[in-house]
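We did not get these values from a lab; they are worked out from the coordinates using the rules stated. It should be emphasised that the depicted structure is a prediction, and the values quoted were computed from it without experimental measurement. Ideal geometry is used to build each Cβ from the backbone, glycine not excepted, and the neighbour counts take in all protein chains shown.
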Amino acid sequence: MTPTRDIGTFCATLEARGPEAALAYLNEAVPHRYSAVYRIDGGMLRNVFLHDKQREARPEFLAVVPFEVSFCQFVLRDGFFRTTDSGADPRLDGHPYQGVMVSYHGVPLTDPAGGLIGTLCHFDVVAHGLADEEFELLQRAARVLPAYLPEPGTTA
């Protein structure tokens, strides 16, 4: 039987072991290869933390993503973005990463004043759904995580 996953465990992990361990906690029960935190930096999104189920080094193409070609732009515009299969998602018709970054589920990160600072997301190059309970946990985690992120311009 899988233990219940909740925001309390996420917060305890975040407090005791930091954002990287908390991101791994979010990733462990979802099918997606990657879970990540991206911070807005002008017209770019910079990867702050990345958890890879395969434990490989971060691919260079995920380090910095132009805002206008990111799926994160839809999170920031609409308050969240979920696609199980971007290749079959008509909202992404004409998007350069449609069918390339196949599954993406993301939520916004905000500063204490409510300003948008980035995204928290699960994604993969193959199609994966995300259980509503896991998406809700992602949303709740996004409200807590920003306080633990490094300041812009610093490394984690």
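Please give the length that would be gained between ARG46 and GLU15 if that part of the chain were fully extended, namely 0.36 nm times their separation in residues minus their C-alpha to C-alpha distance (nm, one decimal).
Taking 0.36 nm per residue and subtracting the Cα distance, the gain is 8.8 nm.
Give me the one-decimal nm value for the distance between modelled label points at ASP6 and ALA63, 7 Å along each residue's Cα-to-Cβ direction.
4.1 nm
What GluC sites (Glu not before Pro) does region 39-133 have in DSSP loop regions with at most 15 other beta carbons within 10 Å?
Loop-located and lightly packed - GLU56.
Once you have the Cα-Cα distance between ALA127 and ASP85, take 0.36 nm times their residue separation minus that, and quote the gain in nm to one decimal.
14.6 nm
Which of the trypsin sites (Lys or Arg not before Pro) across region 54-117 are loop residues per DSSP, with 16 or fewer other Cβ within 10 Å?
Sites meeting the loop and neighbour criteria: ARG55.
Could you tell me what % of all Cα pairs in the chain have separations over 22 Å?
Percentage above 22 Å: 35.
May I ask for the net charge around PRO150, where only other residues with Cβ less than 14 Å from the Cβ of PRO150 are counted and Lys, Arg are +1 while Asp, Glu are -1?
-2
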